[in-house]
């Protein structure tokens, strides 16, 4: 009987390790797919995969994070406003669910800050007023939880770039922010192999463009 | 034993590989359209697939036994299907998904109502729209003028809805009454609302057939909603050609405090803008507002909203009727304190309680006469809401209003005209959603007045049915009572409440960024106050024998989508209304009713110059008036009304702070609008009654404002 218990424990340990391996494999494959995706169907497909993973890994916020990220990317490509909102609703749903798992994850607040600009773009005159403060709140919270999160700096730089000069925006104001973001990306080490680690390349490209604009 | 175990575990491990099941199929909606992107999977494994552009999917699974196949897609109801995977090699499935009703698609009872809100998705106006509509001149009630069903009555400034007088529109803040929502008014001059639109996050404006929650309003209600807890500390200061304004907000974890104040004087503005009246003292005033919000317990929110103001103005007024020049001085002061506390009681009951104290005092000096009027109102209200089940919601409530009116007239003697009324009311309302497509609301309201010694019990009914994804038809009807105006009650407290019946039918098409709405209505008035002559002092000169009717059709179109960074709306109303009330010898169209009202609002953001521009054009067809030089009653008509107003908002940086430069021009084209005529009471030697036109106090008005966020 003792032996049987030991075997059972061993088996369960073994299968646990097995499951972890499966999770990591499925995640890393999907993350790779996500960052290669170009069209809406490709994003939907990978978001679906993340949703399936999240249904089983109830204590992991990462699958939900990536599913939400995918739907934000879809909203950038969607042309119909109603559908844009629908996609952002979906992204928000995943994000809200992720926040129930971990309330103190900087990346989730960063993602929340990343979601708002897309909402605002649909009806900037009306939504800007209420959502801009919400976005700032989310980004502040993200920085509070991790002052070195490079994506927050990147997002701040991009927002500044697109803001009217009158409101403290424009290329000249954005330039130092892109540079700080680049520094932060340079020293950033993701917590795990699966943790968010995107933004470095786009930050570099935008930094280059901004530099040229400022020189002119 | 060992070997048996090993065998079992091996088999367990390998069984999957041997018995894979191939699943394939198609996901469509009810009309057989492929749903590309649908997620098909088993809940307890990573395995699954995404439907392709033809709706087809295919995947293999290692699962055994009974499993639940899940199919989900954005905007559709998720489907679960149980499958026994044992003894299956492959399975072809046809899955049909049903569209889910999203928030904007769900039926909402809306006949008669225009909602401006920053919180809800499906609204027609937002508070930002109110603040930036040039014809509104920064006034909430002014902004309502760009909606259908509202008459342009330039010499009054209050809200005249569908053949109703100004007093027939009642104002509320967070569901609690506001007795004096407007500033005191000089004769023939427009007034404006006491409250800045910046204080509110939403407004419910109902042009008829409203819920049983609201009473003592014959035509219309305006319910302004204050913000919840603020989550951003901010301060701003504004300098205008008409005064200065400042505000600051402080936040805590579970509370927030906002304080704002202003000093307004039109002295400078009256110099810049040519005046058509002779001011002896330019209108000026100070206002202060305090808002405090505190979360209580898990679900409660306490709100305090307090505002006070003091205003004065002086006018050299030619009284045509009496044929004399009068020097009028007006001083007024008021305060409004609104406490409300909303919280859950138990699991299901939502309790809303509130207490209001509204005091208003105005002093009219028309040498040698002095008229001092004080109005004091206290309201206590208690409401309960609860869902009975998924489809049904119940609302119950009651309120008590204590109102004391006092007028002192010093005119060759000291005359006192006081009265006190206690109004007790209760209401009950049930909203029942038969399906996502069909909803009804049935309510009743009871009111008793201790002054009039009369009670009323009225029914209210409304329903809405979705005719399509974005469209719905609504019907509403009800009975409405309102006590006669103070100016009649002070002489004749034996009067009965005035009565109106409303029936409204609406068809509305709405997407996130476009709205089209047609509404037609019928209104019947009875028990309206009639009197033998204006200002009659004998109670027996007043009776409730008046009556009237109004019918019409309103159109509204708003589009934020078609043109880039552009938002425009068009309102048009047609009305036919007659009344036999006051001292009318026969039924006639009242002076404030114009058959056609049109309003165009166009707003656009010009990115390059960082300027937000808005233009409004308003038109009202001619209004009737009574000319004693002609035969018959209400025998003449004013010219039609035209107005073009413009506002420009320029975003800039001032002292390193975000700032706004705001320019507002009213009546840009300087149309010479005439609202009516005042006639002399006595004819001159040739038997002719002299008249003077009633006009706007200014020809064109330019106001400049700089606002700095600190």
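The values are calculated or read from the model by the stated rules, or taken from the named source; none is laboratory data. This is a predicted model, so every value here is computed, not measured. As a convention, Cβ positions derive from the backbone with ideal geometry for all residues, glycine included, and neighbour counts pool all protein chains shown.
Annotations for the structure displayed:
- Considering each residue of region B:653-669 in turn, at least one proves to be out of contact with any strand residue (DSSP E or B) (no Cβ under 6 Å at 6 or more places or on another chain) and outside any loop (DSSP other than H, G, I, E, B).
- Scan of region B:385-406 for residues that are part of a strand (DSSP E or B) and more than 15 Å from residue B:355 (Cα to Cα), ordered by number: B:385, B:386, B:387, B:392, B:393, B:394, B:395, B:396, B:404, B:405, B:406
- Of the residues making up region B:595-621, those that are more than 19 Å from residue B:142 (Cα to Cα) and modelled with pLDDT under 95 are B:604, B:605, B:606, B:607, B:608, B:609, B:610, B:611, B:612.
- Flag if residue B:63 is touching a residue at least 12 places away in the same chain (Cβ under 8 Å), surrounded by 14 or more Cβ atoms within 10 Å (Cβ to Cβ) and more than 49 Å from the chain's Cα centre (by Cα): yes
- Every residue from region B:24-52 that is facing another protein chain (nearest Cβ under 7 Å), part of a loop (DSSP other than H, G, I, E, B) and surrounded by 17 or more Cβ atoms within 10 Å (Cβ to Cβ): B:36, B:37, B:46
- Looking across region A:182-203, the residues that are in contact with a helix residue (DSSP H, G or I) (Cβ under 7 Å, 6 or more places away or on another chain) and without any contact (Cβ under 8 Å) to a residue 60 or more places away in the chain come down to A:182, A:184, A:185, A:188, A:199, A:200, A:203.
- Among the residues listed as A:99, A:88, A:62, the single one being closer than 18 Å to residue A:118 by Cβ and at pLDDT 90 or above: A:88
- Unique residue being more than 14 Å from chain A (Cβ to nearest Cβ) and part of a strand (DSSP E or B) when the list is B:678, B:622, B:629: B:678
- Assessment of region B:548-567 against the conditions (in a loop (DSSP other than H, G, I, E, B), away from chain A (no Cβ under 14 Å) and touching a residue at least 40 places away in the same chain (Cβ under 8 Å)) yields no matching residue.
- Of residues in region B:633-666 being within 14 Å of another protein chain (Cβ to nearest Cβ), touching a residue at least 40 places away in the same chain (Cβ under 8 Å) and touching a helix residue (DSSP H, G or I) at 6+ places or on another chain (Cβ under 6 Å), the one farthest from residue B:274 (Cα to Cα): B:658
- Residue within region A:126-145 that is crowded, with 21+ Cβ neighbours inside 10 Å and within 10 Å of chain B (Cβ to nearest Cβ) present: no
- Of all residues in region B:236-265 being within 14 Å of chain A (Cβ to nearest Cβ) and in contact (Cβ under 8 Å) with a residue 12 or more places away in the chain, the one that is surrounded by the fewest Cβ atoms within 10 Å (Cβ to Cβ): B:251
- Inside region B:224-269, residues that are assigned to a strand (DSSP E or B) and in contact with a strand residue (DSSP E or B) (Cβ under 7 Å, 6 or more places away or on another chain) make up a count of 29.
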